[in-house]
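Structure first, commentary second.
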Amino acid sequence: MSDLLALAYPWTKSLHIISVISWMAALFYLPRLMVHHTEKVGVTGETHELFAMMEFKLARVIMRPAMHATWIFGLVLVFTPGIVDWSMIWPWTKGICVIAMTVFHTWLMIRMKAFQRGENQFSGRQYRIANEVPTVLMIIIVISVVVKF
């Protein structure tokens with residue numbers, strides 16, 4: 001099995017990177033949609049319905065599958081012999097940040113469902129601040145993986 005994982009490594013890594021890029025794009029864009037939904041649209045009317053549909057499709061058609069693929073290919077990489085040195089700090093830092101990114105993803109899904117029900121509880125400013133969360137986590141993850149401290 002370990003030989004198969006080693007042979008598949010370049011493909012697994014490529015698919016992991018593609019999945020991460022897709023997931024991150026959605027994590028960056030969904031809060032921006034929510035900013036505009038909050039500040040310009042509100043929670044009723046035809047434009048609200050349009051924004052709710054855009055948020056739903058982004059979250060369910062792009063963001064969720066990309067997160068699942070990121071996790072699957074990431075775990076395959078973790079189990080590929082010789083890839084992760086668990087005695088170092090970087091895999092733990094990355095793992096914690098990926099879990100935090102997943103929690104943020106879940107929070108966005110909850111917010112998206114609240115918008116659909118017409119029950120938004122946050123301001124545009126709060127969504128702008130929330131939009132910085134994936135950026136900070138991404139920076140930590142990339143530095144952890146590249147520098148391998």
* **Residue match in region 96-117 (condition: under 25 Å from residue 8 (Cα atoms), basic (Lys, Arg) and either surrounded by 17 or more Cβ atoms within 10 Å (Cβ to Cβ) or touching a residue at least 40 places away in the same chain (Cβ under 8 Å) (or both))** => no
* Of all the helices (runs of 4 or more DSSP H) wholly in region 89-149, which have at least 3 residues that are within 15 Å of residue 70 (Cβ to Cβ) and touching a Ser or Thr at 6+ places or on another chain (Cβ under 9 Å)? -> 90-116
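Regarding region 101-115, can at least one residue be identified that is closer than 30 Å to residue 4 by Cα and either touching a helix residue (DSSP H, G or I) at 6+ places or on another chain (Cβ under 7 Å) or of a type in the set (S, T, N, Q) (or both)?
Step one: filter region 101-115 for residues closer than 30 Å to residue 4 by Cα, giving 101-102.
Still in the running and either touching a helix residue (DSSP H, G or I) at 6+ places or on another chain (Cβ under 7 Å) or of a type in the set (S, T, N, Q) (or both): 101-102.
The answer is yes; a qualifying residue exists.
For region 1-48, what are the residues that are of a type in the set (Asp, Glu) and within 17 Å of residue 84 (Cα to Cα)?
Taking region 1-48 and keeping what is of a type in the set (Asp, Glu), we get 3, 39, 46.
3, the sole residue that qualifies.
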* Hits in region 1-52 - residues which are more than 27 Å from residue 135 (Cα to Cα) and either small (Gly, Ala, Ser) or in contact with a strand residue (DSSP E or B) (Cβ under 9 Å, 6 or more places away or on another chain) (or both) -> 2, 6, 8, 45
* Selected residue (criterion: surrounded by the most Cβ atoms within 10 Å (Cβ to Cβ)) from residues of region 6-17 that are within 24 Å of residue 101 (Cβ to Cβ) and touching a residue at least 24 places away in the same chain (Cβ under 8 Å) -> 12
* Structure fact -> Pairs returned, first residue in region 19-39 that is within 22 Å of residue 73 (Cβ to Cβ), second residue that is among the small types (Gly, Ala, Ser) and modelled with pLDDT of 95 or more, beta-carbon separation under 7 angstrom, 6 or more apart or interchain, are 19/66; 19/69; 22/66; 23/66; 26/66; 30/59
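The values are calculated or read from the model by the stated rules, or taken from the named source; none is laboratory data. Please read all numbers here as calculations on a predicted model, not as lab measurements. Heads up, the Cβs are rebuilt from the backbone with ideal geometry, glycines too, and the neighbour counts pull from every protein chain shown.
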